[in-house]
1. Considering only residues that are modelled with pLDDT of 95 or more, over 15 Å from the mean Cα position of the chain (by Cα) and of a type in the set (A, V, I, L, M), which ones fall in segment 1-51?
2. Residues to consider are PHE125, PHE96; find the one that is aromatic (Phe, Trp, Tyr), closer than 15 Å to GLN19 by Cα and within 15 Å of the chain's Cα centre (by Cα).
3. Please list, ordered by residue number, the strands (runs of 3 or more DSSP E) wholly in segment 1-84 having 1 or more residues that are in contact with a strand residue (DSSP E or B) (Cβ under 6 Å, 6 or more places away or on another chain) and either acidic (Asp, Glu) or closer than 18 Å to VAL95 by Cα (or both).
4. Show the residue pairs meeting these rules: Cβ distance below 6 Å; 6+ apart or different chains; first residue within segment 97-123 and charged (D, E, K, R); second residue assigned to a helix (DSSP H, G or I) and surrounded by fewer than 13 Cβ atoms within 10 Å (Cβ to Cβ).
5. For LEU87, indicate whether it is at pLDDT 95 or above, surrounded by 12 or more Cβ atoms within 10 Å (Cβ to Cβ) and in a loop (DSSP other than H, G, I, E, B).
6. Any idea which of (1) at pLDDT below 95; (2) farther than 27 Å from ALA12 by Cβ is the one PRO114 doesn't satisfy?
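The values are calculated or read from the model by the stated rules, or taken from the named source; none is laboratory data. Predicted model only: the values in this text are computed from it and were never measured. Because the Cβ atoms are built from the backbone with ideal geometry, glycine has one as well, and the counts that use them run over all protein chains shown.
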Amino acid sequence: MRQALISTKLSAPLFRYSQLIKAGPNYVCSGMIALDNDTGKLIDGDSCEQTRKIFQNLNILMDEFSLSLVDLVSVRIFSRMFDQFPLINKAWEEVFTSDVEPPARSAVGVSALPLNALVEIEFSFFKE
């Protein structure tokens, strides 16, 4: 069975989509950009700051739906400025320390992202 999960703690989606889909033990999170939860607008900042904000918002989503980084199995990163990928990695390494095993990851350079964001990240979880 497929179930759409909508956060009551994050900004409402700007377009028509589900933030998180639960299908059995699988959870698929729509691509997240660095939205401020008070204004619903994209934050200012470089790729590192936007990636940090995405992970802050992911933590809110995980808390709300009883998920954790242990359940995170796959991540897809989309970067509008691929030459700034070291900044994304800097924020990544703040989350995935030596105490936390990182998920599988892919990264793609793109020409445009919603709201002119620098980074968008999709997350997939598996929780039995």
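1. ALA23
2. The conditions single out PHE125.
3. 26-32, 72-79
4. That search, which allows pairs on different chains as well, returns nothing.
5. In short, no.
6. The number of the failed condition is (2).
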